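J.: Structure incoming, see below.
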Amino acid sequence: MSQIQEKKDQLRQEWIELSSAWIKESREGRNPTRNGLLDQPMLEACGNVEGLQILDCGCGEGRFCRILAQRGASYVLGLDLCQPMIKAARELQSSCNEYRVADVQNLSFLLDQRFDLVVSYLNQCDLPDFMANTREVYRILRNRGRFVVANLHPMRSAEGGWYKTENGKKEHVILDRYFEESERYWRMMEVKCPCGTCNSGTFPEHIKASFQLGQQLKSCLIYLNVAPLIPFKGLTNMMVDLFKIKVCQRRVENSLEPAATKAMPVYAQIMSIIKNQKWVGSDETGKRVDGKKWWEWVWPAITPRIRVVGTKW
């Protein structure tokens with residue numbers, strides 16, 4: 001099985017697991033990103049659709065198809081890989097819209113120059129091969145036809161969410177790994193338990209950030225940073241490699257700062273003990289880091305020792 005086919009199968013399964021919660025939210029009009037932000041510019045980009053033949057790539061449960069039909073489109077075809085979504089769309093199907101389970105990266109079952117307008121409403125960001133979809137759309141569009149695409153901005157899918165104050169006020173977006181061109185995954189609405197049950201819910205009001213680190217993971221990060229001296233970048237890479245958890249460097253820093261503040265009284269005590277010891281020797285070693293010479297100095301006493309790392313003493 002090819003890598004692209006594996007990704008298609010994974011994408012189909014993820015949307016099947018998400019479908020019940022997604023359909024419920026769409027039918028109740030509780031998707032503010034689409035209802036309150038994207039619908040209007042998408043409809044403006046589509047323009048007057050009266051009498052047009054339209055294809056919706058990745059139609060989901062058919063909400064936007066129904067909107068286009070209500071605005072006068074003569075025919076709207078909605079395609080999606082997720083069978084539960086298509087089943088739900090057909091429940092509200094009218095005489096001028098149709099729904100099929102199909103892969104929008106392969107539209108070979110459609111004739112050339114078949115449609116006046118094609119829309120992709122937050123669909124290409126899900127496709128393993130979005131260029132295949134673009135080529136197929138070009139083939140099936142009539143002369144002077146239009147392809148209207150709403151896609152995720154790289155900033156929105158980059159690592160991190162809102163940084164909030166203790167009282168919940170949004171300060172700024174935590175943005176990391178913006179320029180990385182690797183795959184990005186977005187967890188939405190549901191989590192599947194090992195028993196097979198899908199649980200969905202709203203985000204707890206008492207939590208002040210969109211992404212939380214548990215105390216055990218924070219303790220792990222603190223230990224790895226302090227004991228073996230693993231730097232922030234190394235910690236973020238380790239979290240991905242070992243635990244499949246994407247943590248931005250700023251999030252690591254935010255976890256370490258409170259621990260460092262809490263440890264300052266103990267640190268002061270240790271430093272006081274060390275300074276009152278009789279030194280028995282010293283040593284130093286140097287290494288170039290990012291073009292700069294860094295030094296490590298060690299002064300061992302009879303019992304404790306002091307270690308300093310920096311570009312200068």
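J.: Excluding Gly58 itself, what net charge comes from residues whose Cβ is under 14 Å from its Cβ, given Lys and Arg +1 and Asp and Glu -1? Mind showing how you got there, number by number?
T.: Details: positive: Lys8, Arg12, Arg34, Arg63, Arg100; negative: Glu14, Asp56, Glu61, Asp80, Asp103, Asp126, Asp129, Glu136.
After counting each charged neighbour, the total is -3.
J.: Further question: Kindly flag which residue pairs out of Lys218/Lys293; Lys170/Lys262; Lys233/Lys292; Lys244/Lys292; Lys7/Lys246 have an alpha-carbon separation exceeding 22 Å in this structure.
T.: Values: Lys218/Lys293 31 Å; Lys170/Lys262 26 Å; Lys233/Lys292 18 Å; Lys244/Lys292 33 Å; Lys7/Lys246 20 Å.
Over 22 Å apart, Cα to Cα: Lys218/Lys293; Lys170/Lys262; Lys244/Lys292.
J.: Further question on the same structure: ³J(HN,Hα) across region 129-137 via Karplus (A = 6.51, B = -1.76, C = 1.60, θ = phi - 60°), whole Hz, x for Gly/Pro?
T.: So the Karplus estimates, Gly and Pro as x, are 9, 5, 5, 5, 4, 5, 5, 5, 4 Hz.
J.: Taking 7 Å along the Cα-to-C-beta vector as the label spot, tell me the Glu28-Trp162 distance in nanometres, rounded to one decimal.
T.: Each label point is offset 7 Å from its Cα along the Cβ direction, giving 2.0 nm.
J.: Once a ≥ b ≥ c are taken as the square roots of the eigenvalues of the Cα gyration tensor of region 78-152, is the result rounded (a/c under 1.5), prolate (a/b larger than b/c) or oblate (a/b not larger than b/c)? Don't jump to the answer; show the numbers that get you there.
T.: Values: a/c = 1.69, a/b = 1.25, b/c = 1.35.
Judged from the Cα gyration tensor, region 78-152 comes out oblate (a/c at least 1.5, b/c at or above a/b).
J.: Which of the peptides 17-26, 143-152, 258-267 is most tightly packed, and how do the rest follow, judged by the mean count of other Cβ atoms within 10 Å per residue?
T.: Numbers: 17-26: 18.3, 143-152: 14.9, 258-267: 10.9.
Peptide ranking by packing, descending: 17-26, 143-152, 258-267.
J.: Run the quick spin-label model on Asp9 and Arg90: label points 7 Å from Cα toward the beta carbon, then report their separation in nm to one decimal.
T.: The modelled label-to-label distance comes out at 2.5 nm.
J.: Simple spin-label model, 7 Å along Cα-to-Cβ: Ala260 to Asp290 in nm?
T.: It works out to 1.4 nm between the two label points.
J.: Ordered by residue, what ³J(HN,Hα) values in Hz, to whole numbers, does region 40-47 give under the Karplus form 6.51 cos²θ - 1.76 cosθ + 1.60, where θ = phi - 60° and Gly and Pro are x?
T.: So the J values, rounded to whole Hz, are 4, x, 5, 5, 5, 5, 5, x.
J.: Now a separate question. Pull up the cross-link candidates among the lysines for Lys169, meaning alpha carbon to alpha carbon under 20 Å and not fewer than 8 places away within one chain.
T.: Filter leaves Lys208.
J.: Could you compute the net charge surrounding Arg90? Neighbours are other residues with a C-beta less than 12 Å from the C-beta of Arg90; K and R count +1, D and E count -1. Write out the running numbers ahead of the final one.
T.: Working: positive: Arg66, Lys87, Arg100; negative: Glu61, Asp80, Glu91, Glu98.
That sum, taken over residues with Cβ under 12 Å, equals -1.
No value in this document is a laboratory result; all are computed from the given coordinates. Since the structure is predicted, the reported quantities are computational estimates derived from the model, not experimental observations. Neighbour counts run over all protein chains shown; Cβ positions are idealised from the backbone, glycine included.
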